[in-house]
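Let me begin by presenting the structure, written as structure tokens, before commenting on it.
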Amino acid sequence: MAEPPGAPHRTTGSTLLHPLSGLLGIPLDQINFVACQLFALLAAFWFRVYLGPSHASSAVRHAFATLFGIYFAVFCFGWYSIHLFVLVMMNYGIMNMASIPNIHSPLMIITQKITTLACQLHDGIGRQAEELTAEQNRLAVKSRPSLLEYLSYLLNFMSIIAGPCSNYKDYIAFIEGRHVHMKLLEVNWKQKGYDRLPDPSPTGAVMYKLCITLVSLILFLTLTKNFPMAYIIDNEFLDKTPFLSRLGYLYVVTQAAKPKYYFAWTLADAVNNAAGYGFSGVDERGTFRWDLLSNLNIWNIETATSFKMYIENWNIQTAAWLKRVCYDRAPWYPTALTFILSALWHGIYPGYYFTFLTGILITLAARAVRNNFRHYFLSSVPLKITYDVVTWVVTQLAVCYTVAPFVMLAVEPTIKFYRSMFFHMHILSILVLLLLPIRPQAHSIRMAQNQAMLNSVKRKDK
């Protein structure tokens, strides 16, 4: 539904940059978002240099990160964002997931962090070590955080606007100055000729990510507006364009919709790195890696040859959150429950539910095809290349087919789109699931093994 002419400049946040919004013809809320993130980038560099662990106490770093985060939230979203603070305080008292509303940023990020901390506290305080996976045991929080630590984790200026969600123990290690040191200790530096631990700088990683951000912004300003998703359900387009050409155009408009996500998530990653947060260790070539908080891998997305590979490299930190709070904890139907939780977390638009319910079907069907046929194509290089090309085409088109409702939002355009596509992916997925044998998932086997181990421990205790 089209907005009235004045709509692009409405916002609940600050109107200070209204003249710039009018000059550029860009909605004021988007101008405020970019301004906050750029200011956060500068503040992050200052934070790392002048409020580093060697110059300031953990309490000072927590307080600064929290106060600046609250300021950015008020600037972008107005005093409405005080609801955010109320939500945070309420959940500090009860520390559970029952009263968290599923509304959009920044509450989406707050929701992720509260539920992450709740699960990790439960693992550390309410469960036995034998019940936990290796990752759950590593991330378990064994004591309740102080109010300042809690507020800083949820509201810090590096992630309040665009995320990403990180694990509580990683964030506290960053504030206390242990974040990089812990990762460096995993490497034998004496064998590499070092007398002492190196001091990795994030500046190179930040510059690289800012270049990606700039390219993404240019693509967004030039491509996105010229290839609107709405055109694929235009009556004249549907009447005059053959089915295969419509599929090709669907791929083009989906590609044109990506740069805004690449821009926002890469800039958010750069902000965290500039503050000194996001170091993930050293790769096999000895290169320092700053991708602990990266939210996407563009190369793996664009070359994905499976639905699973695509999902694992798109919105990575949200996928990790869903895995930790739902998939790894679901006693049955983990894939379906995870997609449903993702839809609820995104909000109330019907298009979200069409996307994630379709995603369940396609994920299960893709898994069945891969498990039943992939091994036949590994015997020679030509066969493997053929398999990769075919699965790349199918994966990219399946993703486009799945995410179109996510952009359209409403029921009517979604149904019109799927009718124009003859519901072909739905039909093919259902046929695959009906005709191909389904192998047991590793998740189900692992859950059964964990339960058997737990029962064995309980019998010994008796």
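The values are calculated or read from the model by the stated rules, or taken from the named source; none is laboratory data. All values derive from a computational prediction rather than experimental measurement. All Cβ positions, even for glycine, are placed from backbone atoms using ideal geometry, and neighbour counts span all protein chains on display. Note: accessible area is taken over every heavy atom of the protein model, side chains too, but ligands, DNA and RNA are not part of it. Shrake-Rupley method; radii C 1.70, N 1.55, O 1.52, S 1.80 Å.
For this structure, a couple of remarks:
- Helices (runs of 4 or more DSSP H) completely within the stretch 348-462 that count 3 or more residues being modelled with pLDDT under 90 and farther than 21 Å from V252 by Cα: 442-461
- Test: residue in the stretch 110-129 that is of a type outside the set (G, A, S), over 18 Å from L322 (Cβ atoms) and at pLDDT 95 or above: yes
- For the stretch 420-434, the set of residues classified as open to solvent by 70 Å² or more (accessible area, probe 1.4 Å) and in contact (Cβ under 8 Å) with a residue 60 or more places away in the chain consists of F422, L428, I430, listed by residue number.
- For the stretch 335-367, residues that are within 25 Å of L107 (Cα to Cα), touching a Ser or Thr at 6+ places or on another chain (Cβ under 8 Å) and surrounded by 18 or more Cβ atoms within 10 Å (Cβ to Cβ) total 9.
- Residue within the stretch 150-163 that is in a helix (DSSP H, G or I) and exposed (fewer than 13 other Cβ atoms within 10 Å of the Cβ) present: no
- Within the stretch 313-334, the set of residues being open to solvent by less than 30 Å² (accessible area, probe 1.4 Å) and part of a helix (DSSP H, G or I) comprises N313, Q317, T318, A320, W321, L322, V325, C326, P334.
- Applying the criterion of being under 19 Å from A264 (Cβ atoms) and among the aromatic types (F, W, Y) to the residues of the stretch 303-342, the residue that is farthest from the chain's Cα centre (by Cα) is Y310.
- Screening the stretch 188-234 for residues that are of a type in the set (F, W, Y) and within 28 Å of A275 (Cβ to Cβ) and picking the one that is surrounded by the most Cβ atoms within 10 Å (Cβ to Cβ) gives F220.
- Taking first residues from the stretch 270-293 that are over 16 Å from R178 (Cα atoms) and open to solvent by less than 10 Å² (accessible area, probe 1.4 Å) and partners that are of a type in the set (F, W, Y) and at pLDDT 95 or above, the Cβ contacts under 6 Å between residues at least 6 apart in sequence or on separate chains come to A274/F45.
- Given (1) more than 30 Å from N188 (Cα to Cα); (2) not in a helix (DSSP H, G or I), number of the condition L292 does not satisfy: (1)
- Count of residues meeting criterion [under 14 Å from K169 (Cβ atoms) and loosely packed, with under 14 Cβ neighbours inside 10 Å] in the stretch 126-139: 1
- Test result for S306, in contact with a Lys or Arg (Cβ under 7 Å, 6 or more places away or on another chain), of a type outside the set (A, V, I, L, M, F, W, C) and open to solvent by 10 Å² or more (accessible area, probe 1.4 Å): yes
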